[in-house]
Amino acid sequence: MALVVQKFGGSSVADAERVFNVAKIITDCYSLGNDVIVVLSAQGKTTDGLISKAHEINPNPSRREMDVLLSTGEQISVALMAMAIERLGFPVVSLTGWQADIRTDSHYSDARIKKIGLERLRSELDRKNIVIVTGFQGVNKYEDITTLGRGGSDTTAVALAAALKADLCQIYTDVDGVYTADPRIVPKARKLDQITYGEMLELSSMGAKVLHNRSVEIAKVYNIKLEVLSSFTNTPGTLVKEAARNMEKTLVSGVAKDDNISRFALTHLKNEPGIAYKIFSLLAKHNITIDIIIQSIGRDDTKDISFTIPKLLRDQAAAILEEAKDAIGYETMDIDDTVSKISVVGAGMANNPGVAAQTFQALYEADININMISTSEIKISVLIDKKDADKALNAIHDKFFA
Ligand code: ADP
Ligand code: ASP
Ligand code: MG
């Protein structure tokens, strides 16, 4: 007998038929003698619908109230699933984040799980119940509801698997595994049988939303056996794991696209020490994460600094920088939302300069201009025009995988 955590995404539970399909997957796992914890997302596009509803009322609602609203989507899913499983004749109980004692920090809309109290979960498992938990939500020290950021149900699942020392965590979604690129954009993408935590972490951090990046972080730290598979087809998925000792490091494991970024440029900065420090310490103080940074020589002994940030933080960053205009001493602030970041990820690229050259060649051959470049041990990212993004993804993918 094993303890299995199964997570099902929004499209997997979109309507009554899908709910019963998933109920069958869950009860089959339970019938094999396993203890089963299930984590669910809101049905279909429910979360997007709730966001639109909020904005009809208030274009700029507080994050606290947004979390109260968005958490309701998951609550609907768990209740319906429990009813479906009841109807199939199995013992079941649904729990909200609060009931499951998922404790988070107080960053509303982007909270991190700090601790999971296991008493209630364990007692439900002891009673032989199938336990259905809301994804994406927890409570903070004020007993307020918090949410974990878009796509956060994956993180709930892996965190529960870690806290309960589960034998396996299965992430069921609408594709049958992790591919070398988003199979909806790149028709030639290939399914990977396995991928290392490190590579998966880079891919999801670079925009491959098949797994929430923080779920991979937790899986890596706690060495959780993680499997990505489809709730629509009965095929083997992708195993995310530590590199096996004899596993050859793959040169490139995948290509990812991130459309949810904005590029800022501050021009005519003084060419003297401390300018970058001023800008980035100010943004860091407000928890604004920076990605690619480029500094270039401007005219008349000045310099320009460009950088990218998540689009969600764009307005906040713009307001902070506007307020500090004189203190920083820039002339203009230009913000571009029509950019995409394409990243090539692979553990084997560290010792292989050819990967960068091939990436740039693919873009050149597709006649796509590069605005910014950044590299790390296991990835190369380029910033390009959003209109070229899908073409670039295919061109780069074909270069490495055709
Ligand atoms: P869920 O609702 O189940 O959480 P998501 O929409 O969050 O599902 O994630 C699944 C989607 O991730 C797929 O439909 C696919 O379009 C996208 N995706 C992006 N990159 C990849 C990749 N490398 N491999 C597989 N799917 C990917
Ligand atoms: N329902 C949330 C979202 O749409 C969480 C999730 O699906 O993982 O982002
Ligand atoms: Mg998701």
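The values are calculated or read from the model by the stated rules, or taken from the named source; none is laboratory data. Values in this document were obtained by computation on a predicted structure and should not be read as measured data. Here the Cβ is made from the backbone with ideal geometry for all residues, glycine too, and neighbour counts use every protein chain on show. Keep in mind that these areas ignore ligands, DNA and RNA; they rest on the heavy atoms of the full protein, side chains included. Shrake-Rupley method; radii C 1.70, N 1.55, O 1.52, S 1.80 Å.
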* Structure fact -> Rounded to the nearest 5, the percent of DSSP beta bridges in the chain running antiparallel is 60
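Given the convex hull of the Cα atoms of region 54-106, what is a quarter of its surface area in nm²?
4.8
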* Packing-based ranking, highest mean first, of 157-163, 381-387 given that Cβ atoms within 10 Å are counted -> 157-163, 381-387
* Structure fact -> A correct Karplus calculation of ³J(HN,Hα) over region 183-194, with 6.51 cos²θ - 1.76 cosθ + 1.60, θ = phi - 60°, whole Hz and x for Gly and Pro, returns x, 6, 10, 10, x, 8, 4, 10, 6, 9, 5, 8
* With a 1.4 Å probe and every protein chain kept in, tell me what percent of the accessible surface of region 114-244 is carbon plus sulfur. => 49
* Asked: Taking Cα centroids, how far is region 1-78 from region 137-202 in Å?
  -> 14
* **Highest-first arrangement of 54-61, 37-44, 307-314, 341-348, where packing means the average Cβ count within 10 Å** => 37-44, 341-348, 307-314, 54-61
* **Cα gyration tensor category, rounded, prolate or oblate, for region 273-393 with a/c compared to 1.5** => prolate
* Structure fact -> With the 1.4 Å probe rolled over protein heavy atoms, region 1-155 has an accessible area per residue in Å² of 46
* To do: Taking the Cα centre of the chain as origin, work out the dipole magnitude from +1 charges on Lys and Arg Cβ and -1 charges on Asp and Glu Cβ, in debye rounded to 20.
  => 840
* To do: Name the most mobile residue of ARG299, ARG63, ARG190, meaning the one with the largest mean-square fluctuation, in a Gaussian network model of the chain with Cα contacts below 10 Å.
  => ARG299
* **Heavy-atom surface of region 334-389, accessible at 1.4 Å and reported per residue (Å²)** => 45
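Going down the list LYS7/LYS285; LYS115/LYS241; LYS24/LYS257; LYS285/LYS311, which pairs span over 26 Å between their C-alpha atoms?
Too far apart for the 26 Å limit: LYS7/LYS285; LYS24/LYS257.
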* Asked: Hey, can you rank 198-206, 103-111 by average C-beta count inside 10 Å, highest first?
  -> 198-206, 103-111
* To do: Give me D for the chain in µm² s⁻¹, whole number, from Stokes-Einstein with Rh from the Kirkwood sum over alpha-carbon pairs, 20 °C and 1.002 mPa s.
  => 95
* Set of lysines with alpha-carbon distance to LYS270 below 19 Å, sequence-local pairs under 8 removed -> LYS278, LYS303, LYS325
* With the full set of protein chains in place, find how many percent of the accessible area of region 276-402 is carbon and sulfur; take the probe as 1.4 Å. => 50
* **Options TYR142, HIS397, ALA162, ranked by Cα towards positive dipole end of the chain, top entry (Cβ charges)** => ALA162
* Asked: Given the C-alpha centroids of region 252-292 and region 110-128, what is the distance between them in whole angstrom?
  -> 38
* Could you give the length gained on full extension between PHE401 and ARG63, defined as 0.36 nm per residue of separation minus the Cα-Cα distance, in nm? -> 117.4 nm
* **region 164-265 shape via C-alpha gyration tensor axes, a/c threshold 1.5** => rounded
